[in-house]
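Since the structure comes first, as structure tokens, the remarks are kept for the end.
The values are calculated or read from the model by the stated rules, or taken from the named source; none is laboratory data. Owing to the predicted nature of the structure, the values given are computational and were not obtained by experimental measurement. So basically every Cβ, Gly included, is an ideal-geometry build from the backbone, and we count neighbours across all protein chains shown. These accessible areas exclude ligands, DNA and RNA; they are computed on the full protein's heavy atoms, side chains included. Shrake-Rupley method; radii C 1.70, N 1.55, O 1.52, S 1.80 Å.
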Amino acid sequence: GEKYHTISFQDRTYSVKSFRTIPQESLEDILGTCEASGFDSYTNQNYSETLEIRKLNGISEEKMIAAGNANGFHVYQLDDTSKPETFGELLALYSLAENLEFSSFTQYEGYKENGHFTLNDDAYLWQILSDCRDAKPDNTAESFDRSERNYLSFTATSDALGVYKRVVYISEDGYFATNIFNSSYIYFIGEDAAGKIIRYAENNSTEAEFSPYAFTIAGTLTEIGDNYVLIDD
């Protein structure tokens, strides 16, 4: 993934979605091969390799593919800014119900956190979302404005989609929004559907500890020793 940031397959250009290799169970049929190339800025040399292309679990190869070799496969996404014209098309193109699990979420009022929770079962949520197939995208904003909304923020992690701890928002005013693709996708599913999802999640979950995206320390590295470092925070 780090060696080949972009690849070309069947006259389409794809960019690597994640540097994390994906498990074999996320891979389906072999679609073919491609010649990938890169440039090593340290040695000033070009390099190339033949990569195997595989279909991802239920995902349209026109949107995402897996590319790799015996060392592992990475998710690549089509370089395209267009968005599915309906929410149903989005569900079908990426097999979201099969590839995305709703498990952890945070309750928000604007940017104020009101607790972290673990959902007991997400089957009902997908049932409600499957009834919103006619929902249209909201193209009036480039990103989802959370400042004056009440909403749930679900953690979105999926090997097949090549995402780790991104988010899906469900807001009281009727929106489904996510950043799991190249840009922000916002669909108006209606206040009734969103309300059912929010009420179910709040009534069928347990409180949980906050899970950070990554463990970090902010400070100045002052010393590197034998199996230790000193950081002035």
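For region 144-166, which positions are open to solvent by 30 Å² or more (accessible area, probe 1.4 Å) and within 15 Å of the chain's Cα centre (by Cα)? Steps first, answer last, please.
The initial filter retains those residues of region 144-166 that are open to solvent by 30 Å² or more (accessible area, probe 1.4 Å), namely 145-150, 155, 157, 159, 164-166.
Within region 144-166, T155, T157, D159, Y164, K165, R166 qualify.
Restricting region 187-209 to residues that are of a type in the set (A, V, I, L, M, F, W, C) and touching a Ser or Thr at 6+ places or on another chain (Cβ under 8 Å), the residue that is most open to solvent (accessible area, probe 1.4 Å) is A208. Here the condition is being within 30 Å of E207 (Cβ to Cβ) and open to solvent by less than 40 Å² (accessible area, probe 1.4 Å); of F73, F87, F102, it holds for F102 alone. Go through region 95-128 and give me each residue that's on the phi < 0 side of the Ramachandran plot, out of contact with any helix residue (DSSP H, G or I) (no Cβ under 7 Å at 6 or more places or on another chain) and in a strand (DSSP E or B). Across region 95-128, the qualifying residues are S104, T106, Q107, Y108, E109, K112, E113, N114, H116, F117, T118. For region 23-34, what are the residues that are in contact with a Leu (Cβ under 8 Å, 6 or more places away or on another chain) and either open to solvent by 80 Å² or more (accessible area, probe 1.4 Å) or over 24 Å from T81 (Cβ atoms) (or both)? Matches in region 23-34: S26, L27, E28, T33. Region 1-89 holds strands (runs of 3 or more DSSP E) entirely within its bounds, and those carrying 2 or more residues that are modelled with pLDDT of 95 or more and within 16 Å of the chain's Cα centre (by Cα) map to 12-16, 64-69, 72-78. Within region 120-144, residues that are touching a residue at least 60 places away in the same chain (Cβ under 8 Å) sit with their Cβ atoms under 8 Å from residues that are surrounded by fewer than 11 Cβ atoms within 10 Å (Cβ to Cβ), at 6+ positions apart or across chains, in these pairs: N120/T206.
Is there a residue in region 45-66 that is of a type in the set (G, A, S), open to solvent by less than 40 Å² (accessible area, probe 1.4 Å) and either more than 22 Å from S158 (Cα to Cα) or out of contact with any helix residue (DSSP H, G or I) (no Cβ under 9 Å at 6 or more places or on another chain) (or both)?
Of all residues in region 45-66, those of a type in the set (G, A, S) come to 48, 58, 60, 66.
Subsequent filtering for residues that are open to solvent by less than 40 Å² (accessible area, probe 1.4 Å) retains 58, 60, 66.
Going one step further and asking which of them are either more than 22 Å from S158 (Cα to Cα) or out of contact with any helix residue (DSSP H, G or I) (no Cβ under 9 Å at 6 or more places or on another chain) (or both), we end up with none.
Looking for residues that are of a type in the set (G, A, S), open to solvent by less than 40 Å² (accessible area, probe 1.4 Å) and either more than 22 Å from S158 (Cα to Cα) or out of contact with any helix residue (DSSP H, G or I) (no Cβ under 9 Å at 6 or more places or on another chain) (or both), one finds none in region 45-66, hence no.
Scanning region 129-136 turns up at least one residue that is touching a helix residue (DSSP H, G or I) at 6+ places or on another chain (Cβ under 8 Å), polar (S, T, N, Q) and either open to solvent by 80 Å² or more (accessible area, probe 1.4 Å) or at pLDDT 95 or above (or both).
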